[in-house]
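Quick notes on the structure that follows.
The values are calculated or read from the model by the stated rules, or taken from the named source; none is laboratory data. On a predicted model such as this, the values are computed, not experimentally measured, just so you know. Using ideal geometry, Cβ is built from the backbone for each residue, glycine included, and neighbour counts are taken over all protein chains shown.
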Ligand code: HEM
């Protein structure tokens, strides 16, 4: 008698080299400036420094320079301000804890001279 019970086994696939339980955010994620700016407040605080995006939500309360100054640059590229107050060794110490990805390099919007020219032409008519 062939009484086969074929149980369908769904394999549990874990992404290689990651611990899904302790790594909720992919650190290799590429974020746009539009996405960065959404995290611009205390309680949801991201900043970019030299093309790397950091989630400082948990760190802001411990920041020796204070929370307020971080909230002031939240959601932006704070490279210049960061360099004003810190040396590179700070990032070596903290980067791996707070780094969540990289900032997408976007083309600079060019000022359109054509737009201005056509507007002048239109005004003459
Ligand atoms: C990943 C981001 C950041 C980390 C890990 C970080 C970490 C630190 C640490 C460890 C200190 C203590 C002083 C030191 O050891 O040099 C400090 C001080 C300070 N930080 Fe930050 N910081 C970050 C981002 C920023 C940003 C974006 C600003 C400014 C917009 C800022 C402003 C300051 C100021 C004003 C001080 C006090 C400096 C002083 O007392 O002389 N920090 N920060």
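From 53, 105, grab the single residue that is within 17 Å of residue 37 (Cβ to Cβ), part of a loop (DSSP other than H, G, I, E, B) and under 13 Å from the mean Cα position of the chain (by Cα).
105
Of the numbered conditions (1) at pLDDT 95 or above; (2) closer than 20 Å to residue 105 by Cβ; (3) more than 10 Å from the ligand (Cβ to nearest atom), residue 42 fails exactly one; give the number of that condition.
Unmet condition: (2).
Only residues that are farther than 15 Å from residue 39 by Cα and part of a loop (DSSP other than H, G, I, E, B): list them for the stretch 56-79, please.
Scanning the stretch 56-79 gives 61, 62, 63, 64, 65, 66.
Of the conditions (1) in contact with a strand residue (DSSP E or B) (Cβ under 9 Å, 6 or more places away or on another chain); (2) at pLDDT 90 or above; (3) more than 12 Å from the ligand (Cβ to nearest atom); (4) not in a strand (DSSP E or B), residue 25 satisfies every one except a single condition; which number is it?
Among (1) in contact with a strand residue (DSSP E or B) (Cβ under 9 Å, 6 or more places away or on another chain); (2) at pLDDT 90 or above; (3) more than 12 Å from the ligand (Cβ to nearest atom); (4) not in a strand (DSSP E or B), the lone unmet condition for residue 25 is (2).
Here are 100, 47: which of them is within 6 Å of the ligand (Cβ to nearest atom) and assigned to a strand (DSSP E or B)?
Selected residue: 47, the only one of 100, 47 that is within 6 Å of the ligand (Cβ to nearest atom) and assigned to a strand (DSSP E or B).
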